[in-house]
Amino acid sequence: MCAPLHPLPHRVRPSFFPTPCTGYQSHPERPVQAAAPLAQGQGRMLFDVWLKSLPEHSFRHVRVDLDTLHAAPLPFLGDNQTVFQIEHLSMYLSSQPTLIRQAAIRYSLYVRQLDAIQERENVIRHICAHECPRPPPGCCNGEHHVILSFSDFMFASPTQNAMHLAHVITGLQQREHAHALARGGHLRPDSCSHLTTTGCSLRMFKSPRCIHYLCPQVIETITAAYGDRASAFLAAMHTTGNQVIHGMEDFTSALVIRTAEALFIR
Ligand code: SF4
Ligand code: SF4
């Protein structure tokens with residue numbers, strides 16, 4: 001059985017953003033809280049290094065992005081890492097329309113929460129690394145990072161906003177991939193073009209398909225650990241990962257986070 005997780009302390013919402021943001025301490029009036037217990041260690045450092053590598057185009061939207069996005073509950077993230085992530089992505093995406101920029105940042109926070117679940121519990125990540133029933137490349141046997149395929153365009157008719165968001169996320173994927181390779185990642189042949197010898201080059205901007213997929217082996221292990229309590233979370237992951245993307249709301253699922261919270265935190 002996995003170690004129980006702990007609820008976050010009360011969130012503090014920023015209300016003022018006077019200077020270009022450079023990190024956790026950029027808001028002088030905001031108390032800096034301890035990081036959430038669910039997203040620490042090497043994974044967190046990798047996120048931060050990549051976020052810091054993004055060009056800081058403009059900080060003019062940072063305040064409104066913090067006010068909007070930091071207000072939503074993010075049960076698997078700490079305040080520091082949430083603020084840091086919003087700040088850096090807001091600066092990098094400053095030329096995007098507010099709706100798309102905030103949707104892309106919201107998506108990154110969602111993916112980060114799913115990553116935190118895997119990192120802390122270590123169930124899924126351990127199985128993928130050591131007990132994959134079909135290694136290599138496991139389920140990374142195709143270009144699953146592609147958010148909208150040709151058939152999606154032809155048959156699902158995604159909205160303009162969904163296509164714009166997919167385009168922005170794809171650009172961020174390219175940056176993340178290039179960053180991983182520049183830091184010494186080596187691609188595996190005959191697999192997804194984003195699979196390296198140490199795993200996927202994407203962490204913050206994996207596709208909806210990739211972040212929600214759980215193979216039978218992983219489902220079996222989680223069910224063995226949590227019993228029937230895991231069924232709602234597993235069902236939400238399956239449904240979301242398989243849904244056709246029409247609008248921006250189809251990239252993520254509040255139900256996934258709610259069921260994960262009920263399973264891993266409460
Ligand atoms: S999800 Fe399953 S198939 Fe995919 S890498 Fe992990 S263990 Fe292997
Ligand atoms: S993008 Fe990453 S997780 Fe998705 S299939 Fe490719 S290597 Fe695997």
If I model region 41-264 as equal point scatterers sitting on the Cα atoms and use the Debye formula, what is log10 I(q)/I(0) at q = 0.15, 0.17 Å⁻¹?
-1.07, -1.40
To the nearest 20 Debye, how big is the dipole of region 90-204 about its Cα centre, given +1 on the beta carbon of each Lys and Arg and -1 on that of each Asp and Glu?
280 debye
Dipole size in debye (nearest 20) for region 72-123 around its Cα centre, Lys and Arg Cβ +1, Asp and Glu Cβ -1?
180 debye
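When the convex hull of the Cα atoms of region 171-266 is projected onto a plane and the area is averaged over all directions, what value comes out in nm²?
On the way: hull surface 30.6 nm².
Reported value for the Cα convex hull: 7.6 nm².
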For region 204-244 and region 76-110, compute the distance between their C-alpha centroids and round to whole Å.
25 Å
For region 41-264, with +1 on Lys and Arg beta carbons and -1 on Asp and Glu, the positive-most of Gly185, Ala104, Ala262 along the dipole
Gly185
Sorted on mean Cβ neighbours within 10 Å (highest first), peptides 182-193, 240-251 come out as 240-251, 182-193
Amide H of Thr196: which non-local residues (sequence gap of 5 or more, or other chain) have their own amide H closer than 5 Å, using H built in the peptide plane?
Arg188, Ser201
What GluC sites (Glu not before Pro) in region 111-151 are in a loop by DSSP, with at most 14 other Cβ atoms within 10 Å of the Cβ?
Glu131, Glu143
Quick one: putting +1 on the C-beta of Lys and Arg, -1 on the C-beta of Asp and Glu, what dipole do you get for region 41-264 around its Cα centre, in Debye to the nearest 20?
320 debye
Charge dipole of region 41-264 about the Cα centre (unit charges at C-beta), most positive-ward option of Thr196, Ala236, Ser207:
Thr196
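Values in this text are rule-based calculations from the coordinates and carry no lab data. Note that the structure is a prediction, hence the values are computed from the model and not measured. Counting neighbours? That spans all protein chains shown, and the Cβs are built from the backbone with ideal geometry, glycine included.
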